[in-house]
1. Look through 389, 315 and report the one residue that is under 29 Å from residue 439 (Cβ atoms) and over 20 Å from the mean Cα position of the chain (by Cα).
2. Please state which of the following conditions residue 190 fails to meet, knowing it meets all the rest: (1) assigned to a helix (DSSP H, G or I); (2) modelled with pLDDT under 90; (3) surrounded by fewer than 19 Cβ atoms within 10 Å (Cβ to Cβ); (4) in contact with a helix residue (DSSP H, G or I) (Cβ under 6 Å, 6 or more places away or on another chain).
3. Which one is surrounded by the most Cβ atoms within 10 Å (Cβ to Cβ), of the residues in the range 86-100 that are part of a helix (DSSP H, G or I) and in contact with a helix residue (DSSP H, G or I) (Cβ under 6 Å, 6 or more places away or on another chain)?
4. What is the residue count in the range 379-437 for residues that are out of contact with any helix residue (DSSP H, G or I) (no Cβ under 9 Å at 6 or more places or on another chain) and either crowded, with 19+ Cβ neighbours inside 10 Å or within 24 Å of residue 225 (Cβ to Cβ) (or both)?
5. Given the criterion under 14 Å from residue 112 (Cα atoms), out of contact with any helix residue (DSSP H, G or I) (no Cβ under 8 Å at 6 or more places or on another chain) and not assigned by TED's automatic domain parsing to the domain that holds residue 262, identify the matching residue among 65, 37.
6. Before we move on, is residue 236 in a loop (DSSP other than H, G, I, E, B) and touching a helix residue (DSSP H, G or I) at 6+ places or on another chain (Cβ under 6 Å)?
7. Out of 163, 179, 170, 150, report the one residue that is touching a residue at least 12 places away in the same chain (Cβ under 8 Å) and more than 30 Å from residue 125 (Cβ to Cβ).
């Protein structure tokens, strides 16, 4: 993406056009819908498999109808509200509209896929649902490698890419539905839209959608502010730099935060069903510590050697040094919040296990306003970095509030056990910080110059340096953690040794 489109107008247009359906996809599909559907599905399946199949069929048919109306409404309204949202030239807004018309169908495939993924997760089958993002990524890669060589102009390339992404969404849906049907959990499709489960699911979803709506509204405001900054500072590439910075942050958040949030929901649900309420706080506490053990080093690494990471991954083609410098500031702010992004996903899943979607709603409403005020107040000094800084502050505030208010469900996280574990993690983390800082401060420039003298490009030189930093830093972090007795490290190594 970076080398094909850089940070210019076409890249910004694709970024905005992709964000719009992604906002609604995240709101409806990835989290809210599946987490609201799962407890209801478990309830019906405890009665009988047939009742669960009929209920699922009713939900899917109603969801398909609802999303069809929503997509049609967007396609009608897009030419009116998108120019007002993004500003800029007519060519820029028209390109966003064209790409949005293609990409918006992702909402349908992602939302329906989430139902099938929720069914798989409720039976503690996590592997096939986890393949969904891989399929989408493979569709990207297929377009880049197989179709781009035969596509001449940059405008044609971005249209072809948009169709490739939508095709990946359909492949996701086919895989998830096939697995569920093959396992014998397939829905019995029907048009009974008065089924009581539909009302119950959407009743559970409503506060969560409103709560997530504040987050997604925040993303919409981010697009507006980023485009405003970009239009006021020609050549800055604010929209795309924020997008690329978020991509890097989504790697640890997606691997760790989403994985733990996905697995803790059925775990807590199981404990609630069995009446083992006293075991829930320990489960949550262990998830916290495990998340921090893996996300804190990611945060430290991206903050200290963010420039090296950006050059290693993106540099080349249309991505140059200016693009890296534009992205480094928001990357640093987003990286600081990596642990809190992951913790928030875990906490919200815990609230959903208690069928409490109202508390996260109230918290997200507050942090949305909090984030907006910070972003607007710092535009002049930080420019597009203000958006990332506001996001980091908001995620930190969300973590604190959710952690405190979980007590209303009689869940008291055992801090006397959690804090010593976190303190123990700080020992290998301090080693990692000092090691990366010393490498970056004293050896980076000299090594980079020496590699370039050997005829290597800037990108390849950066990749070699990044490999040295990553391999030595990770090895040192895990070795120190193992020897100081960090339980999470021993758990990971125990799995590999077995």
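The values are calculated or read from the model by the stated rules, or taken from the named source; none is laboratory data. Just so you know, these numbers come straight off a predicted model, no measurement behind them. Because the Cβ atoms are built from the backbone with ideal geometry, glycine has one as well, and the counts that use them run over all protein chains shown.
1. 315
2. All conditions pass for residue 190, except number (1).
3. 96
4. Residues meeting the conditions: 1.
5. The match here is 65.
6. Yes, satisfied.
7. None of the other options fit; the residue is 163.
Condition check ((1) over 19 Å from the mean Cα position of the chain (by Cα); (2) in contact (Cβ under 8 Å) with a residue 24 or more places away in the chain; (3) in a helix (DSSP H, G or I)) across all residues:
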{"residue": "299", "(1), (2), (3)": "no, yes, yes"}
{"residue": "303", "(1), (2), (3)": "no, yes, yes"}
{"residue": "307", "(1), (2), (3)": "yes, no, yes"}
{"residue": "310", "(1), (2), (3)": "no, yes, yes"}
{"residue": "323", "(1), (2), (3)": "yes, yes, yes"}
{"residue": "328", "(1), (2), (3)": "yes, no, yes"}
{"residue": "332", "(1), (2), (3)": "no, yes, yes"}
{"residue": "335", "(1), (2), (3)": "no, yes, yes"}
